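Let me begin by presenting the structure, written as structure tokens, before commenting on it.
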Amino acid sequence: MAVTLASRKSRAAHPIHIVAKSDLENAGLNSRVISWARSNGFSGQEGSTLLVPGEDGAVGAALFGAPESGNGFSPLAIGKLARVLPEGDWYVDGTLEQPELAALGLVLGGYAFTRYGKPATRKLSIYVPGIDTAAVSAKAEAIFLARDLINTPAGDMGPEDLEKAARALARRHKATVTVTKGDALLKRNFPMIHAVGRAAAQAPRLVDMAWGPRTAPKVTLVGKGVCFDTGGLDIKPSSSMLLMKKDMGGAANVLGLASMIMSAGLKIRLRVLIPAVENAISANAFRPGDILKSRKGLTVEIGNTDAEGRLVLADAMALADEEAPEILIDMATLTGAARTALGPDIAPFYTGQSQLADDIQVAGDSLADPVWRMPLWNGYDRKLDSRVADINNVTSDGFAGSITAALFLRRFVSRARAWAHFDIYGWNPSEKPHCPVGGEAQGIRALFDVLEKRFGT
């Protein structure tokens, strides 16, 4: 199914009536529609839908129960209509508190991952008054990019394929891409990216994308691109590998955010860094107890090879930090502890900059892109101490796993004016009105809003 946003209402378009709960009489509906609604038990309950026949017996209109403000019901929930409405032209007839979010929800609700099956043939065109159609469509396209990348199985989304996806996005926006691959990683001082990825059939690599004027404020995005994670020699049980195709969700999300930024033409110098690897098992896999030297010069004792994401991120973040960007953002499907704390829907983030944290939280709340600031608790920093190296990649007690992972990454950032770390899930485990089960973009709409307000277009 594909949903497109129309720039104007066509003559053949059918109305979508927005109805507040228990307020049929004040929704501007005629008596026939009201009677039909009552006979079918429709009262405007939030998120409810009802198709209404026209005088010819065919579907002539649709009713949607408006979300009630302040109860946690997402304004994106109107996306349910994308799977309910018959093919054709439609328009929203009624007041929407957040019309652009509703329009986005409608488009997102029409998403389907069709790479390996029959393509969706059902088409909907929907006119939503009072929105910037192009801007909403660009955001939806960026989210679809992230979803598609995550949903693609590792057999078709290895480090090489992830590089190709970055190059394709770069071509669309006239960005530049350089790639450091294989043993060249050692020559150019990315030893931890090399160590994590050297056991895989496809060579590890660092993808480096740049866009925008060199003189503009620097914003750098770093995304974890672990295309599949066996756990390495600390191998995961089979049940824990089932979703490991999504372990490159951080990379997928920063590419989605980059797509939003470039489509909008933000006044920044954008850099996107993706360490693309597979954490595989072979005779040359890195081992528990190994001590790796990082790009920053810190030595890292390997307490667990399944904590590999922070290793590849650390080398990439050290590179990003060297040019002291205005904002450095990293995104990663990093810890199960984050999911235990906040569940799959809320993206936890860490930053030491209060204003940046406030801006992200406000944006997330207003845009139905749920995020939550977590503490960079200094008291836990010593849990990462090593007796033989500068730092261990894990703690020994298992407590506060998401926090200590963030503290590990903080060791590799010293020059960036502001830094934020997102420990996302990147997956929707149950169907929502605006998203089927599968890969999901998290936090990138909130981050785009923050960047747009700070730097403009």
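The values are calculated or read from the model by the stated rules, or taken from the named source; none is laboratory data. These numbers were taken from a predicted model, which means no experiment stands behind them. Quick reminder, even Gly has a Cβ in these numbers, built from the backbone with ideal geometry, and neighbours come from all protein chains shown.
Structure values in brief
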quantity	calculated
Leading residue by the ranking (surrounded by the fewest Cβ atoms within 10 Å (Cβ to Cβ)) among those in segment 374-413 that are at pLDDT 95 or above and among the charged types (D, E, K, R)	ARG387
Filter result for the condition that a residue is exposed (fewer than 15 other Cβ atoms within 10 Å of the Cβ) and not small (Gly, Ala, Ser), over GLU301, GLU278, GLU323	GLU323
Residue check, THR95 outside the structural domain of GLY155 (by TED's automatic domain parsing) and under 21 Å from LEU367 (Cα atoms)	yes
All strands (runs of 3 or more DSSP E) inside segment 204-245 with 2 or more residues being among the aliphatic types (A, V, I, L, M)	205-211, 218-223
Segment 152-162: number of residues that are surrounded by fewer than 22 Cβ atoms within 10 Å (Cβ to Cβ) and in a helix (DSSP H, G or I)	5
Some residue of segment 292-312 being in a helix (DSSP H, G or I) and more than 24 Å from ASP156 (Cβ to Cβ)	yes
Residue, nearest to LEU328 (Cα to Cα), within segment 414-433, restricted to residues that are surrounded by 20 or more Cβ atoms within 10 Å (Cβ to Cβ) and over 14 Å from the mean Cα position of the chain (by Cα)	TRP419
Hey, LEU101 over 30 Å from LYS296 (Cα atoms) and outside the structural domain of GLY297 (by TED's automatic domain parsing) or not	yes
Inter-residue pairs, beta-carbon under 7 Å, first in the same structural domain as PRO99 (by TED's automatic domain parsing) and in segment 14-29, second of a type in the set (Asp, Glu) and buried (at least 19 other Cβ atoms within 10 Å of the Cβ), 6+ apart	PRO15/ASP93; ILE16/ASP93; HIS17/ASP93
The lone exception for ALA66 - which of (1) surrounded by 20 or more Cβ atoms within 10 Å (Cβ to Cβ); (2) in contact with a Leu (Cβ under 6 Å, 6 or more places away or on another chain) it fails	(2)
Test: residue in segment 242-261 that is basic (Lys, Arg), closer than 14 Å to ARG310 by Cα and at pLDDT 95 or above	no
Test: residue in segment 178-190 that is buried (at least 18 other Cβ atoms within 10 Å of the Cβ) and in a helix (DSSP H, G or I)	yes
Hits in segment 107-128 (condition: closer than 20 Å to GLY88 by Cα, touching a residue at least 40 places away in the same chain (Cβ under 8 Å) and of a type outside the set (Ser, Thr, Tyr))	VAL107, LEU108, GLY109, GLY110, ALA112, ALA120, ARG122, LYS123, LEU124, ILE126, VAL128
Residues being within 23 Å of GLU440 (Cα to Cα) and surrounded by fewer than 13 Cβ atoms within 10 Å (Cβ to Cβ) - total across segment 81-113	0
Residues (of a type in the set (Phe, Trp, Tyr) and assigned to a strand (DSSP E or B)) located in segment 97-130	TYR127
Residues being surrounded by fewer than 13 Cβ atoms within 10 Å (Cβ to Cβ), among the small types (Gly, Ala, Ser) and not in a helix (DSSP H, G or I) - total across segment 163-177	0
Counted residues, segment 53-84 - those being among the aliphatic types (A, V, I, L, M) and without any contact (Cβ under 8 Å) to a residue 40 or more places away in the chain	2
